[in-house]
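To keep things clear, I will list the structure first and then write my remarks on it.
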Amino acid sequence: MVDPEFRGRGHGRSAMAIGEQVTWDVGDRVVMFNVFGGNEVAMSLYTAVGYRVVEESRSRDLAAGVDG
């Protein structure tokens, strides 16, 4: 997460690159993670650096009741 005050300065891209390098260095060859729907800023970043959607899930909060 990048503090809103510092967004748009390439910190997210840098963090992704470091994470990918560490992943490669320890011998893993795939990076996967979850992002909440509606987080357009994050999804745009991930797409811009080459990630693709491989699975999409949906859920429903039943706290308001089944008929709610």
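The values are calculated or read from the model by the stated rules, or taken from the named source; none is laboratory data. These numbers come from a predicted model, not from an experiment. Cβ atoms come from the backbone with ideal geometry, glycine included; neighbour counts cover every protein chain shown. Ligands, DNA and RNA are excluded from the accessible area calculation, which covers all protein heavy atoms including side chains. Shrake-Rupley method; radii C 1.70, N 1.55, O 1.52, S 1.80 Å.
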Listed by first then second residue, the pairs whose first member lies in region 41-68 and is more than 22 Å from M1 (Cβ to Cβ), whose partner is among the basic types (K, R) and not in a loop (DSSP other than H, G, I, E, B), with beta carbons under 6 Å and at least 6 positions apart or on separate chains, are none
So which residues in region 15-38 are among the basic types (K, R) and surrounded by 10 or more Cβ atoms within 10 Å (Cβ to Cβ), if there are any at all? none
Might you check whether a residue that is open to solvent by 60 Å² or more (accessible area, probe 1.4 Å), among the small types (G, A, S) and outside any helix (DSSP H, G or I) occurs anywhere in region 39-50? yes
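Within region 1-13, can you find the residues that are open to solvent by less than 60 Å² (accessible area, probe 1.4 Å) and at negative phi?
So in region 1-13, the residues open to solvent by less than 60 Å² (accessible area, probe 1.4 Å) come out as 2, 10, 12.
Residues satisfying the conditions are V2, G12.
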